[in-house]
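Reviewing the structure listed below.
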Amino acid sequence: TRWGCGNSKRIQPGDRAFLIRLGKRPKGIVASGVIVKGSFEALHWDETYAAAGRTMRYVEVQLDRLLEPGVDALLPRDLLRIPPLGEMHWDTQMSGIRIPDQVAVALEEIWKDFAPVRD
């Protein structure tokens, strides 16, 4: 899937990605995957902005886990406050941010048990 990555130009194929819902409740991690196409510019996803010629940066992500809204619970935002996950500023308004290595390792461990791979 194509996903907005803010202004980041450093995201490369093979990078690991986690998608987090921060707007409305419930807040938390909703998906994970691997970047298959690094940062690129294309027309804005909003048709009004696109019609005006506005662009934004995207990546393409091959999702390996996707929680189903209304069926699956998200990996809760509150859990992300507990060390070492709490070392990351999760409530950023920007997309395409890097998760520090020690936080990423802990997140992978929790995530694999929380959201097992399904057919």
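What to note about this one:
- Against the main long axis of the alpha-carbon atoms of the chain, helix 101-114 sits at an angle near 70°.
- Taking the alpha carbon gyration tensor of the range 36-94, multiplying each eigenvalue by 5 and rooting it gives semi-axes of 30, 16, 14 Å, largest first.
- Per residue convex hull volume, Cα atoms of the range 6-70, in Å³: 107
- Applying the Karplus relation 6.51 cos²θ - 1.76 cosθ + 1.60 with θ = phi - 60° to the range 40-51 yields 3J(HN,Hα) values of 9, 9, 8, 4, 4, 5, 7, 4, 5, 5, 4, 4 Hz, where x marks Gly and Pro.
- Each distinct pair of alpha carbons in the chain adds a 1/r term; the inverse of their mean, the Kirkwood radius, is 15.2 Å.
- Ellipsoid semi-axes in whole angstrom, largest first, where each is sqrt(5λ) of the Cα gyration tensor of the range 59-119: 20, 15, 13
- Probe 1.4 Å, protein heavy atoms only - accessible area per residue of the chain in square angstrom: 66
- One chain, two ends: Ala50 and Val105. Fully extended at 0.36 nm per residue, the span grows by 16.0 nm beyond their Cα-Cα distance.
- Using a probe radius of 1.4 angstrom, the carbon and sulfur fraction of the accessible surface of the chain is 53%.
- 3J(HN,Hα) from dihedral phi, the range 17-24, Karplus parametrisation 6.51/-1.76/1.60, rounded to Hz, x for glycine, proline: 10, 10, 9, 10, 9, 10, x, 7
- Here the chain is assigned +1 on the Cβ of each Lys and Arg and -1 on the Cβ of each Asp and Glu. Its dipole about the Cα centre then comes out at about 320 debye.
The values are calculated or read from the model by the stated rules, or taken from the named source; none is laboratory data. Computed from a predicted model, the values in this text were never measured in an experiment. Heads up, the Cβs are rebuilt from the backbone with ideal geometry, glycines too, and the neighbour counts pull from every protein chain shown. All accessible areas refer to the heavy atoms of the entire protein, side chains included, with ligands and DNA or RNA removed. Shrake-Rupley method; radii C 1.70, N 1.55, O 1.52, S 1.80 Å.
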